[in-house]
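The values are calculated or read from the model by the stated rules, or taken from the named source; none is laboratory data. Quantities reported herein were computed from a predicted structural model and do not represent experimental measurements. Every residue, glycine as well, gets a Cβ built from its backbone with ideal geometry; the counts of neighbours run over all protein chains shown. Quick note on the areas: whole protein, heavy atoms, side chains included, nothing else; ligands and nucleic acids left out. Shrake-Rupley method; radii C 1.70, N 1.55, O 1.52, S 1.80 Å.
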Amino acid sequence: MENQGRGFGSRPEGGGEAPDGRRASGPLPYEGVWRFTAASVDVSVPQARHAVRDLLARQGVPASDDTVHALLLIVSELVTNAVRHAALLSPMLAVEVAVGPEWVRVSVEDEHPYRPSALETDHGRTGGRGLLLVREITREAAGVCDVEHTASGGKVIWAALPLKHPGFM
């Protein structure tokens, strides 16, 4: 995976701002945005998961074990979906990790124009529940997730989780 670390990027609404709307004093040591690119192939799934896990540890992100596990499962599901459903039109994918003072956001971007939706549970199927799982993990962690179109016609699917959540301590 190619790693392109960079400084601050877009943040979920309200992240890192004081109540009066001003930015709290300077960034915390673990804040920033990092982007990894990889081929849309099966081996990229564990590579992306390990890259995110290692990044969170290396940056000293103060996330609970439960939050880290939730993020890694989300990354696995989103990269798997990109590999399985978008590879034909998107031979490359990107994984981005953005960390603010109180949240962490992971996203997977591909160039396929189809905007998926979370499927309802079909007990007769053995697959097809990845986005439903992502949505439920995110909800349980008091986070948010969404799918957005990119300027190039593809999509980015993201989930943002709070670093500190009473149910995840």
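Quick notes
- Residue list for the stretch 47-68, restricted to those being more than 16 Å from residue 30 (Cα to Cα) and either of a type in the set (Asp, Glu) or over 12 Å from the mean Cα position of the chain (by Cα) (or both): 47, 50, 65, 66
- Just one of the listed residues (44, 64) is open to solvent by less than 20 Å² (accessible area, probe 1.4 Å) and hydroxyl-bearing (Ser, Thr, Tyr), and it is 44.
- Of 108, 147, all but one fail to be at pLDDT below 95, open to solvent by less than 60 Å² (accessible area, probe 1.4 Å), part of a strand (DSSP E or B) and not polar (S, T, N, Q); the exception is 147.
- Leading residue by the ranking (surrounded by the fewest Cβ atoms within 10 Å (Cβ to Cβ)) among those in the stretch 69-100 that are in contact with a Lys or Arg (Cβ under 9 Å, 6 or more places away or on another chain) and outside any helix (DSSP H, G or I): 96
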